[in-house]
1. Multiply the residue gap between residue 42 and residue 13 by 0.36 nm, knock off their C-alpha separation, and tell me the result in nm, one decimal place.
2. If each DSSP helix of 4+ residues adds -39,500 (n - 2.57) and the sum is divided by the residues in the chain, what number results at 222 nm, nearest 500 deg cm²/dmol?
3. Any idea what angle helix 33-43 forms with the longest principal axis of the chain, computed on alpha-carbon atoms, 0 to 90 degrees, nearest 10?
4. So if each residue of separation counts as 0.36 nm, and I subtract the Cα-Cα distance between residue 101 and residue 197, what length gain in nm does that give?
5. If you average the sequence gap of Cα pairs under 8 Å that are 6 or more apart and divide by the length of the range 184-255, what percent do you get for the contact order?
6. Quick one: if you stick a label point 7 Å off each Cα along the C-beta vector at residue 121 and residue 87, how many nm between them?
7. Full extension from residue 186 to residue 155: what is 0.36 nm times the residue separation minus their Cα-Cα distance, to one decimal in nm?
8. In degrees from 0 to 90, rounded to the nearest 10, what is the angle of the helix 224-233 Cα long axis to the longest principal axis of the chain?
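Every number in this text was worked out from the coordinates using simple rules, so none of it is lab data. Small disclaimer: the values here were computed from a predicted structure and weren't measured. For neighbour counting, all protein chains shown are included, and Cβ atoms are generated from backbone atoms with ideal geometry for every residue, glycine included.
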């Protein structure tokens, strides 16, 4: 049976990802119950499970209400801040879903939070707030070295895999990326496409990992163009990927 993945817009910028077939769905990071329940009802399908990438309220606040309607398993990082968790996960674990039929691996990707995880297989990557299209998450609990490592690990996944991020931040991220890498033709093309999608009220996600590798400055911190950009921002910036990442992230945070 064909599996489909659809974004459910929630709150100000979140996407709840609904992985479903004709009969059942699994939700990723349901920060709002009402929109999720409406989507399930509109499709005439039931909820069979919930996947969580990290503990922030805009990714988990809808879970208690959803569990009132559907007492389903909740898979997520082993973090006591996720009170509804039934299946704590860590690096190297596997989630086998029966309906819809799907297997996802678990990767530890700390940086945005200390316990953040990413669900992935050869065709899909649910990365929460670690990787955004043309951007990455803020470092609320982790270090630049941790986030650089997390992004490096995601970057080594299948380039044709589709990236399902937790937020619709792509248009603003394109503006920042162009400011630090203005001569990247792939980025300019992506920015134009993103602007058209948003003007039409369409999501900019998912996007292939391969496209992100060509356009996302936070996945390109070893390239001479990004090293030069970081050193122009901060002449004392070193040339390691982590130092370049830290400089670029600090600049993004300041805007």
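1. Gain in length upon complete extension: 8.3 nm.
2. Details: 9 runs with 90 residues, N = 255.
Result for the chain, helices only: -10500 deg cm²/dmol.
3. Around 70 degrees separate the two axes.
4. On the way: separation 96, 0.36 × 96 = 34.56 nm, distance 3.09 nm.
Full extension from residue 101 to residue 197 adds 31.5 nm.
5. Details: 45 pairs, mean separation 15.5, N = 72.
Relative contact order comes out at 22 percent.
6. In this crude spin-label approximation the distance works out to 1.3 nm.
7. Working: separation 31, 0.36 × 31 = 11.16 nm, distance 1.72 nm.
Between residue 186 and residue 155, full extension yields 9.4 nm more.
8. Around 80 degrees separate the two axes.
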